[in-house]
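Below: the structure, in structure tokens.
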Amino acid sequence: MSQISTDLESNMEMVPLGESAILIKFGKGIHPEIHRKVTIFTAHLDRYPVPGMIEYIAAFSSVTIFYDPIQVKKSQADAVLAKDQLSYQILSSIVTEIIVKLGTGVDHIPRVVEIPVCYGGEFGPDLEYVAQYNKRTIDEVIEIHASGQYLVYMIGFAPGFPYVGGMSEKISTPRRKSPRMSIAAGSVGIAGMQTGVYPIATPGGWQLIGRTPVQLFRPNDNPPTLLQSGDMIRFCPISHKEYEEYKGERQ
Amino acid sequence: MSITVLRPGLLTSIQDLGRYGYQKYGVIVSGGMDSYALRLANLLVGNEEGEALLEMTLMGPWLLVEKDILIAITGGDLSPTINGESIPMWRPVYIKGGSILQFGACMSGCRSYLAVAGGYEIPEVMGSKSTYLRAGIGGFQGRALVQGDSIELRAPQEISFRLVESLKKRLLSHSFISTSWHIKKPLMTRNSKQSTVRVTTGSQFEYFTPESKKQLFQCPFRVTTQSDRMGYRLSGPVLQLEEPLEMVSEAVALGTIQVPPDGNPILLLADRQTVGGYPKIAQAATVDVSIVAQIKPGGLILFQEISLAEAEQLYVARETEIENLGIAIQLKMS
């Protein structure tokens, strides 16, 4: 892949997503350098929300701001000028100004979140298949999975579900041919080049290699999820006994 | 003071205007599908417009009302009755305690809203009382209502007192009494008639074939039975890209119309996921999502293209309309 400019402004594009949202793209594809810009911009929004902003969603290479058009228009000092401008136009000038000012931005130091995982056994019914498929031993698969550092590109699909990058292709395995009707919360899986953890019970076709006793979705806490876009994950192998102890402590 | 569920209906759940601020954590917005009907039902009983209420779908519930209460029913017509007598909609209605409020077959629309003065006693989760069905949180125990559920009600707002006093005097031996004034009911579709939904073009509109771009606005699309609070799956002409598009997931919004590889568009609604990776062909104007929410499976949608400026004007006009209706209702109540 060619060098990606570190300037937030380069390759930046904006499009409306209806009359009350603006989608800001920082580049194409899935790449840590592009995501770095997403994180710098959202860190700015956390501190200085733009006028009329309701919330934002950070994704692989874009940030979408949801807003109230009426509040955006009201925020303009010059009411006459604001009258002739769409709230989308007002916000896109504000966003452009912020992005020019951010320049290359200040690097965000990622949080490293450790996730204990009990690999194999009843929690990882597909671990053996993943090993066979990649012509490795079970211990090698665990070693490779647990030695990686994974960047959380985006939270989506389910509350607290991380889309992560950085898994070694040595353990990459296609999805199961027939998805399971229900996958338990905390399940750690592999799908192609992706790895992830299921925060809530859901149907799914990922190859399950283990389970974490940690709760990824905590509706009564703020923030309500263990992980956030921009975090780094490390998986730490634990025994079945440690898993049970961890679960017990939380009761 | 409570309401007890004798029959739950097809899908009856507690909803408010939705859970905002948590989409970046993958927490969906939820909320009432027809926000216009939801806001007006609340205003008609003197509540804040965003108070939580009951959303009822296609086949309504039977509810036992413990004590006298002021209610309002808006949205689709699910034939509400007490003792076989029809209850008028889009206006405040005072009901005698011990009555059984029966909703039945759907006469028009798809979703009906039942607000009670003061609101239902429901705890907030992440700033909202809406039921997040898939995660099992919010609303009444994180789920749709079932037979035997009993929901506590809160004390009515002071603003409704005077209206309640005057209705009480006229109640006599009736089981309910309503005001003579009411709000104009919005046009609502019956059965499979066609509804027009205004849309702006989506960010990947240009990547579709000229034929598909034309068909989007010329051919009606049918709402299939695979439609729910998450989104409506539509069938009609198969919409095709000029060439395959490499897309990474990005945010979607209420009313986004995305096209999966099979070419059948999906119109995203209240329980949509926060992100999606399919090309977006169009985006329904926010005000028209209330129209969509009242279309039953089998109904037809004709998309009409409008500019972003028109969509914004519609949004602003709708807010002004609700503000004015709120003022008019307050005047009627005082």
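Any read-out appearing in this document is the output of simple, stated calculations on the displayed coordinates, not a laboratory observation. Note that the structure is predicted; figures quoted are calculated from it, not measured. We place every Cβ from the backbone using ideal geometry, glycine too, and count neighbours over all the protein chains shown.
Using modelled backbone amide H atoms (1.01 Å from N, in-plane), which distant-in-sequence or interchain residues come within less than 5 Å of residue B:130's amide H?
B:16, B:18, B:139
Whole-Å semi-axes of the range B:194-317's equivalent ellipsoid, largest first, each the root of 5 times a Cα gyration tensor eigenvalue?
Details: eigenvalues 75, 53, 48 Å².
After diagonalising the Cα gyration tensor, the semi-axes are 19, 16, 15 Å.
For residue B:175, list long-range residues whose amide hydrogen, built 1.01 Å from N in the peptide plane, is under 5 Å from its own amide hydrogen.
none
Averaged over its residues, how many other protein chain Cβ atoms are within 10 Å of peptide B:23-35's Cβ atoms? Write out the running numbers ahead of the final one.
Numbers: counts 10, 17, 17, 19, 9, 3, 3, 0, 0, 0, 0, 0, 0.
Mean number of neighbouring Cβ atoms from other chains: 6.
Report the label-to-label distance for residue A:221 and residue B:86 in nanometres (one decimal), using points 7 Å from each Cα along the Cα→Cβ vector.
About 5.4 nm separates the two model spin labels.
Would you tally the net charge around residue B:8, using a Cβ to Cβ cut-off of less than 12 Å, leaving residue B:8 out, and scoring K and R as +1, D and E as -1? Walk me through the numbers before you get to the answer.
Details: positive: B:7, B:143; negative: B:149.
Once all neighbours under 12 Å are counted, the net charge is +1.
Quick one: which of B:121-129, B:178-186 comes out on top by average Cβ neighbours within 10 Å, and what's the full order, highest first?
Numbers: B:121-129: 18.3, B:178-186: 14.0.
The packing order, highest mean first, is B:121-129, B:178-186.
Per residue of the range A:229-244, in order, report the coupling 6.51 cos²θ - 1.76 cosθ + 1.60 (Karplus, θ = phi - 60°) as ³J(HN,Hα) in whole Hz, putting x for Gly and Pro.
After applying 6.51 cos²θ - 1.76 cosθ + 1.60, I find 3, x, 6, 10, 10, 10, 9, 10, x, 10, 7, 4, 5, 5, 4, 5 Hz.
Between the DSSP loop rule and a limit of at most 15 other Cβ atoms within 10 Å, which GluC sites (Glu not before Pro) in the range B:50-85 are left?
Working: sites: B:51, B:55, B:66, B:85; in loops: B:51, B:66.
Qualifying residues, ordered by number: B:66.
For the protein assembly as shown, state the semi-axes of the equivalent ellipsoid (square roots of 5 times the eigenvalues of the alpha-carbon gyration tensor), sorted largest first and rounded to whole angstrom.
Semi-axes, largest first: 43, 30, 23 Å.
Quickly work out the residue A:149-to-residue B:330 label distance, labels modelled 7 Å from Cα along the C-beta direction, and quote it in nm with one decimal.
Label at residue B:330, label at residue A:149, 5.7 nm between them.
Stretch residue B:185-residue B:320 to full length: gain in nm at 0.36 nm per residue minus the Cα-Cα span? Show your work: numbers first, answer last.
Details: separation 135, 0.36 × 135 = 48.60 nm, distance 1.71 nm.
Result: 46.9 nm gained on full extension.
Taking θ = phi - 60°, what integer Hz values does the Karplus form 6.51 cos²θ - 1.76 cosθ + 1.60 yield along the range A:220-228, in sequence order, with x for Gly and Pro?
So the J values, rounded to whole Hz, are 9, 9, 10, x, x, 10, 5, 10, 9.
Taking Cα centroids, how far is the range A:86-104 from the range B:91-137 in Å?
Centre-to-centre distance over Cα atoms comes out at 42 Å.
Cross-link list B:129/B:185; B:129/B:332; A:135/A:170: which exceed 18 angstrom alpha carbon to alpha carbon? Write out the running numbers ahead of the final one.
Numbers: B:129/B:185 26 Å; B:129/B:332 29 Å; A:135/A:170 9 Å.
From the list (B:129/B:185; B:129/B:332; A:135/A:170), the Cα-Cα distance tops 18 Å for B:129/B:185; B:129/B:332.
In whole Hz, what ³J(HN,Hα) sequence does the range A:90-106 give by Karplus (6.51, -1.76, 1.60; θ = phi - 60°), x for Gly and Pro?
Each residue's phi maps through the Karplus curve to give 4, 5, 5, 5, 4, 5, 4, 4, 4, 5, 4, 5, 5, x, 8, x, 9 Hz.
In cubic angstrom, how much convex hull volume per residue do the alpha carbon atoms of the range A:112-250 span?
On the way: hull volume 13.8 nm³, N = 139.
It comes to 99 Å³ per residue, whole-number rounded.
With each label point set 7 Å from Cα along the Cα-Cβ vector, what nm distance links residue B:152 and residue B:214?
6.3 nm
In percent, what relative contact order does chain A have, based on Cα pairs under 8 Å that are 6 or more apart in sequence? Each step should come with its number before you reach the end.
Working: 506 pairs, mean separation 46.5, N = 251.
Relative contact order comes out at 19 percent.
Roughly how crowded by other chains is peptide A:18-29, in terms of the mean Cβ count from those chains within 10 Å of each of its Cβ atoms?
The mean count of partner-chain Cβ atoms within 10 Å per residue comes to 6.
Which far-off residues, 5 or more places away or on another chain, put their amide H under 5 Å from the one on residue A:210, with H placed in the peptide plane?
Distant-sequence amide H within range of residue A:210: A:120, A:188.
If you count, for every residue in A:147-156, the Cβ atoms of partner chains within 10 Å of its Cβ, what is the mean? Present the calculation step by step, with values, prior to reporting the outcome.
On the way: counts 0, 0, 0, 0, 0, 0, 2, 8, 8, 14.
Taking all residues of A:147-156 together, the mean is 3.
So what's the angle, to the nearest 10 degrees on a 0 to 90 scale, between helix B:35-44 and the longest Cα principal axis of chain B?
So the inclination is approximately 20 degrees.
Of all trypsin sites (Lys or Arg not before Pro) in the range B:1-93, which ones are in loop regions per DSSP and have a Cβ with at most 14 other Cβ atoms within 10 Å? Don't skip to the end; give the middle numbers.
Numbers: sites: B:19, B:24, B:39, B:67; in loops: B:19, B:67.
For trypsin sites (Lys or Arg not before Pro) across the range B:1-93 that sit outside H, G, I, E and B with at most 14 neighbouring Cβ atoms in 10 Å, the list reads B:67.
Rounded to the nearest 500, what is chain A's calculated 222 nm mean residue ellipticity when only DSSP H runs of at least 4 contribute -39500 (n - 2.57) each, over all residues? Can you show the working numbers first?
Values: 7 runs with 72 residues, N = 251.
Taken over chain A, the calculation gives -8500 deg cm²/dmol.
Considering the options B:251, B:307, B:273, tell which one lies farthest towards the positive end of the dipole of the range B:194-317, charges being +1 on Lys and Arg and -1 on Asp and Glu at the Cβ, about the Cα centre.
Towards the positive end, the residue furthest out is B:273.
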